[in-house]
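Before I ask anything, here is the structure I am working with.
The values are calculated or read from the model by the stated rules, or taken from the named source; none is laboratory data. Only a predicted model underlies this, so the values are computations on that prediction, with no experimental measurement involved. Neighbour counts run over all protein chains shown; Cβ positions are idealised from the backbone, glycine included.
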Amino acid sequence: MSPPSEDSEPNSTGPPDRQTLRLLERHLASDSLVAETEFDPDSYEPRLLHALLDAGQYPESIAAARLDIRWFTTGDFSVHYVEEHDDETLWECRWDRHPNSHNSRLHFHQPPDAKDVTDLTLSSLHPLEVYSTVLTAVDQRLESLWSNQ
């Protein structure tokens, strides 16, 4: 007997949507806030997309910032924003759509530690619309960081 495949599980997010990950990578690579993009494990079989943000656009107290993106053929996704501060603390949040027991399928893990979760409503689940929502939130976070300097 063989184990069930990822896409046969009723609560599974399914296999990675490589086409969507590549689409998102092209958009991120052209964004002025993004310093570098990288697929994990590689560009041939991507499961995760990392976007390293330009630390020069952040206040000095932020050592690094990144987006980690997973997208699945089921339309489920996870977009995780992480700031690494000089004092080694993290500030993070996450936009998720996946089967779970803690909230609705579409939900948001709130900053600063992504532990508190609230249901989320988006006008569209198209990858570029989700991308736009996330980048708008990152821009607002960046403005907030600078205004608190």
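Is it true that some residue in region 11-22 is among the basic types (Lys, Arg), closer than 18 Å to Thr136 by Cβ and surrounded by 12 or more Cβ atoms within 10 Å (Cβ to Cβ)?
no
Sort out which residues of region 34-91 are among the polar types (S, T, N, Q) and either within 15 Å of the chain's Cα centre (by Cα) or crowded, with 18+ Cβ neighbours inside 10 Å (or both), and write them in order of number.
Scanning region 34-91 gives Thr37, Ser78.
Something else now. Looking at this structure, is Asp31 surrounded by 19 or more Cβ atoms within 10 Å (Cβ to Cβ), modelled with pLDDT of 95 or more and within 17 Å of the chain's Cα centre (by Cα)?
So Asp31 fails the test.
Enumerate the pairs (first residue in region 11-34 and farther than 14 Å from Thr74 by Cβ; second residue anywhere and surrounded by 15 or more Cβ atoms within 10 Å (Cβ to Cβ) and hydroxyl-bearing (Ser, Thr, Tyr)) with beta-carbon separation below 8 Å, excluding pairs fewer than 6 apart on the same chain, so at least 6 apart or on different chains.
Listed by first residue and then by second, the contacts come to Leu24/Tyr131; Glu25/Thr37; His27/Tyr131; Leu28/Thr37; Leu28/Tyr131; Ala29/Thr37.
Please indicate, with yes or no, whether at least one residue in region 41-61 is acidic (Asp, Glu), part of a strand (DSSP E or B) and under 25 Å from Pro112 (Cβ atoms).
Looking for residues that are acidic (Asp, Glu), part of a strand (DSSP E or B) and under 25 Å from Pro112 (Cβ atoms), one finds none in region 41-61, hence no.
Sticking with this structure for a sec: What pairs come out if I take residues in region 64-89 that are in contact (Cβ under 8 Å) with a residue 12 or more places away in the chain and pair them with residues that are surrounded by 16 or more Cβ atoms within 10 Å (Cβ to Cβ) and acidic (Asp, Glu) whose C-beta lies under 6 Å away, six or more apart or interchain?
Ala64/Glu84; Ala65/Glu83; Trp71/Asp17; Phe72/Asp17; Thr73/Asp17; Ser78/Asp96; His80/Asp68; Val82/Glu92
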